[in-house]
1. Once the mean 1/r over all distinct Cα pairs of the range A:3-151 is inverted, what Kirkwood radius in angstroms do you read off?
2. Using 20 Å bins from zero, what percent of all Cα-Cα pairs in the protein assembly as shown falls into each bin?
3. Starting from the 7 Å offset along Cα-to-Cβ, what nm value, one decimal, do you get for the label separation of B:ARG127 and B:ASN140?
4. Between A:LEU154 and A:ARG42, what is the label-point separation in nm under the 7 Å Cα-to-beta-carbon projection?
5. Taking amide H positions as placed in the peptide plane 1.01 Å from N, state which residues far from A:LEU154 in sequence (5 or more) or on other chains have amide H under 5 Å from it.
6. I'd like the orientation of helix B:142-155 relative to chain B: the angle between its Cα long axis and the longest Cα principal axis, in ° from 0 to 90, rounded to 10.
7. Semi-axes of chain B's equivalent ellipsoid from the Cα gyration tensor, sqrt of 5 times each eigenvalue, largest first, rounded to whole Å?
8. Where nothing but the Cβ of Lys and Arg (+1) and of Asp and Glu (-1) is charged, how large is the charge dipole of the protein assembly as shown around its Cα centre, in debye to the nearest 20?
Amino acid sequence: MVKVLFVLGSGGHTTRALILSEQLNYDKCYIVPWESEISKKRINGKYYSVLSPRFRAKDNKIMTVFRTLFLFMHSLFLLIMIRPDVLISTGSGITFPPFLIAKFLGIKTIFIESPSRVYEPSIAGKMLLGKTTLWISSWNELAKKNKEIVYGGLIV
Amino acid sequence: MIFITTGTSLPDDVLIKKLDELKGCGKIPDVLYAQIGNGKYIPKNMKWRKFVRNMKDAYELADIIISNCGAGTIMENVVYGRRLIVVQNPGVIGGHEWELASKLEKLDCLLWCKNAEEILFYIETARYKQFKKFEPAIFNLSLIRDLLEDDKKNDT
């Protein structure tokens, strides 16, 4: 059975990931930012909490660097332990570290950009261009911008 | 009834104050109902709540919906072809929500008011305008399935 690991965030990112997750009939588990209590309540399955790099918007930069490094280490540990076949993210802010680790471990990655990005990719999206197995946009306008981007439509 | 919703994390005092004044001097005959989030301006001439629990009912009952550019609110309403005016929040600098607003304005699914001072003109326009129902292109699941089925073939 194919094992899928979803990288969740909060709010709309999680909503889309969970809709997609229901449509895929595979073995599924989830990474959730530790502080997203609401996201955790909505998951129907096994999940792992991780420290998110931007805990609060006003956090100082040194702490953010520490948290990011910790998330890299934690991602390495989780990916070795879970051994998923693929990572899927719908645009969560915590996507970059686990995706980069997955690339080094030879695990496939799918990034699905937020539907609010019609013309320009998000910061996470830009950082991941060229580093994922699949980079999917919700709009044709964005797909035309870059050869790496595949148009996929809207998750509703 | 006109329902106004500003972001719960990013309130918009300018918009609420402007509408409250317009209502106060009799320029808007409709009942106004607003979710003001953590906004500091307390309206005098309209019904308001900090957080509206049942947004769906409010959307359905409203003749016109006025909202900030939040992707969630936009999507929830354009798929039903509701009379929606989105107002750019001056407090959000360098945001990306305008991308979705601009795209859907081009498709005639909403009205985009770039300056809260001009809101009365947009309310009058919204009364007579034909709003097109947005029919999203459903996400192409086979993009993911094809990638994962390759996995299975490699396993055997």
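Please treat every number below as a calculation from the coordinates, not as lab data. Just so it is clear, the model here is predicted, and its values are computed rather than measured. Heads up, the Cβs are rebuilt from the backbone with ideal geometry, glycines too, and the neighbour counts pull from every protein chain shown.
1. Numbers: mean 1/r = 0.0648 Å⁻¹.
When all Cα pairs of the range A:3-151 are included, the Kirkwood radius is 15.4 Å.
2. Cα pair-distance distribution for the protein assembly as shown, in percent: 30, 52, 17, 1.
3. Placing both labels 7 Å beyond Cα along the Cβ direction yields 4.5 nm.
4. Between A:ARG42 and A:LEU154, the simple spin-label model gives 1.7 nm.
5. Answer set, sorted by chain and number: B:ALA137, B:ILE138, B:PHE139.
6. 30 degrees
7. Sorted largest first and rounded, they come to 36, 17, 14 Å.
8. Details: 44 positive and 32 negative charges, 111 e Å.
Here the protein assembly as shown has a charge dipole of around 540 debye.
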